[in-house]
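> First the structure, then my questions, so here it is.
The values are calculated or read from the model by the stated rules, or taken from the named source; none is laboratory data. The structure displayed is predicted, hence computed values, not measured ones. All Cβ positions, glycine included, derive from the backbone under ideal geometry; neighbour counts span all protein chains shown. To get the accessible areas, we keep the full protein, side chains included, count just its heavy atoms, and leave off ligands, DNA and RNA. Shrake-Rupley method; radii C 1.70, N 1.55, O 1.52, S 1.80 Å.
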Amino acid sequence: MSIFRETHEVTAKTLDTNTAGISAVVGVGHTDWVQDYRRVRDGEKPFDSNGYAALAFKRALEDAGLKREDVDGLIVGPTTAYERMGEILNIDPRWGGQADAVQAVFQAVMAIKSGMAEVVALVYGNDQRSAAVQYGGPEAMGGGSFLSYVYHSPWGLTSQGALYALMFQRYKALHGLSDRDLGQVAVGQRQWASLNPNAIMRDKPLSLDEYLAVKYIAEPLRMNDYCLINDGGVALIVMEASRARKHHAEKAVTIHGLGRSDLNHHATSLGPRLVDFYLPAQQGAAAQAFGAAGIGPQDIDILLVYDSFSPHIFFALEGFGYCPPGEAARFIAEQGIGVGGKLPVNTHGGHLSESYMQGWSHQIEAVRQVRGGLGKRQVPDCRYVQYASDVAGKAMSIIYGR
């Protein structure tokens, strides 16, 4: 055995990677997405990305009953600059950084575990609609080659929508599905949105026939398979668990498990996406998250899935162990994921019907469902909520609970 391998194995055996139960969310806040959407539609621009984030942060602090001075860690979304956001919020943290929604939670937990911080603010703001951000076309997100889908622009695949259309087209043919099978997702999430006062699409019911009557954008995806594009902000306050239990017991929601597994090999040739539908990465992330929490899919009361497009739901149901590969359509039809279904999915309406906050709003929904008191939208006796994300082959999961 080489010295390198021997040293590596010893390190792996002694490394403490358990992050279960050491952190809790004690505060959540967001801007008024419905009002923001209407104001931007009418030609106004209430805030830029920093302004949306700052308002969400203020509301999260109020929800937690904390002061700005209590925060010693800061993570900002990739839509804002870390240093500038820290300046605006007047925070000089002991630990900080920049990350997307799911990785921000991971980083906050790891910072608390390492002792680098005790109270971490996760802050996100996006003026994507009023700023007319392009997520498709030759100038998508500035046209930078760091975005993998820009590599495929000679073939017309200049947006994530086109890539997910191609991905689901193969899945659909492989398993003999129809457009009606796919439509179940958008219809189910719109049902949940109808019960959510924060949902942009709350007052726009959607039947399966209405879904099918809309033309394709990128076959087999229709408009209602695509996420919304809207301005807004979100913030969460994550605290060391014993401190949270002592001072914020009524509002604290524990982070019970984290899991991550990436597929990078052949990523730019779409291999992980088209061959296995990200299944191996999802299974790896699921094993870690469930293992840390000491539970399984059968214990989850709500599944929240990053849903920039409706096919995400199919892949998450299979990858995270709720049904066998190829059985998601049958599972949705027989078990139900909408209001009254056996496995409620995206109970806020998700990106398709509530608000496109790039995964951040899902974290708020998880916290609120565990806390309870959401009226008709409340899932009874909610104990565990799983968040699942498979963006670009980076499969990650968080399990929240009492």
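> Using a 1.4 Å probe over the heavy atoms of the protein chains, calculate the carbon and sulfur portion of the accessible area of the range 260-402 as a whole percent.
50
> Quick one: work out the % antiparallel among DSSP beta bridges in the chain, nearest 5.
So the antiparallel bridges amount to about 70 percent of the total.
> Would you count, across the chain, every pair of lysines whose alpha carbons are under 22 angstrom apart, provided the pair is eight or more residues apart or spans two chains?
Eligible lysine pairs with Cα atoms under 22 Å apart amount to 13.
> Relative contact order for the range 169-215 using alpha-carbon pairs under 8 Å, separation at least 6, rounded to a whole percent?
With pairs under 8 Å counted, the relative contact order is 35 percent.
> Quantify, in whole percent, the carbon and sulfur part of the accessible surface of the range 55-119 (1.4 Å probe; protein heavy atoms only).
That fraction is 46 percent.
> Going by a ≥ b ≥ c, the root eigenvalues of the Cα gyration tensor, does the range 196-319 fall in the rounded group (a/c under 1.5), the prolate group (a/b larger than b/c) or the oblate group?
Because a/c hits 1.5 or more and a/b fails to exceed b/c, the range 196-319 counts as oblate.
> Further question on the same structure: Running a GNM on the chain with Cα contacts under 10 Å, which residue among Ala111, Ala132, Ala20 ends up with the highest mean-square fluctuation?
So, out of Ala111, Ala132, Ala20, the one fluctuating most is Ala132.
> Rank these residues by their accessible area, most exposed first, probe 1.4 Å: Trp360, Trp95, Trp155.
Descending accessible area places them as Trp155, Trp95, Trp360.
> Additional query: Under 14 Å from a point 7 Å along the Cα-to-Cβ line of Lys376: which residues of the range 190-227 have their amide N that close?
Residues passing the 14 Å test: 190-199, 202-206.
> Oh, and also: Using a simple spin-label model with points 7 Å from Cα along the Cα→Cβ vector, what separation in nm is obtained for Ala81 and Ile22?
With each label placed 7 Å out from Cα toward Cβ, I get 3.3 nm.
> Among 276-286, 182-192, 384-394, how do they line up from the highest to the lowest mean number of other beta-carbon atoms within 10 Å?
By packing density, highest mean first, the sequence is 182-192, 384-394, 276-286.
> For a quick check: with amide H placed at 1.01 Å from N, whose amide H comes under 5 Å from Gln98's, ignoring anything fewer than 5 positions away on the same chain?
For Gln98, the qualifying residues are Val76.
> Per residue, how large is the accessible surface of the chain? Use a 1.4 angstrom probe and give square angstrom.
I get 42 Å² per residue for the chain.
> For a quick check, take a GNM of the chain with Cα springs below 10 Å and name the residue from Met357, Met167, Met239 with the largest mean-square fluctuation.
Maximum among the listed residues: Met167.
> Could you sort His256, His266 by their accessible area in this structure, using a 1.4 Å probe and putting the largest first?
Accessible-area ranking of His256, His266, largest first: His266, His256.
> With +1 assigned to the C-beta of every Lys and Arg and -1 to the C-beta of every Asp and Glu, and no other charges, what is the dipole magnitude of the chain about the Cα centre in debye, to the nearest 20?
Charge dipole of the chain: 480 debye, to the nearest 20.
> Specify whether the C-alpha gyration tensor of the range 71-126 places it in the rounded, prolate or oblate class, a ≥ b ≥ c being the square roots of the eigenvalues: rounded for a/c under 1.5, otherwise prolate if a/b is larger than b/c and oblate if not.
Here the range 71-126 falls in the oblate category.
> Placing +1 at every Lys and Arg Cβ and -1 at every Asp and Glu Cβ, with all other atoms neutral, what dipole size does the range 45-101 have around its Cα centre, in debye to the nearest 20?
160
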